[in-house]
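Below you'll find the structure, written out as structure tokens, and then a few comments.
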Amino acid sequence: MVRKTSATRVTITKARILRSVASSSAIETDETTSVIEQRLKRGERRFKQLTLAS
């Protein structure tokens, strides 16, 4: 296994998070990653009244 040195920093952007969530969801739902990613970018919410627990 190759380990990155501590000097190497990876910037986490919103685009990377969206891609990661879309990829994970695509595996679970058999939809394409691009379709899910576009839906996430548009900000569509299926259940608008629900919020994340805090």
Working only within the range 1-43, note down all residues that are of a type in the set (Ser, Thr, Tyr) and not in a loop (DSSP other than H, G, I, E, B).
SER20, SER23, SER24, SER25, THR29, THR33, SER34
Pair list, Cβ under 8 Å, 6 or more apart: the range 12-35 residue surrounded by 13 or more Cβ atoms within 10 Å (Cβ to Cβ), other residue basic (Lys, Arg)
LEU18/LYS41; THR33/ARG19
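Rule-based calculations on the coordinates, nothing more; no lab input. On a predicted model such as this, the values are computed, not experimentally measured, just so you know. With ideal geometry, Cβ positions are generated from the backbone for all residues, glycine too; neighbour counts draw on all protein chains shown.
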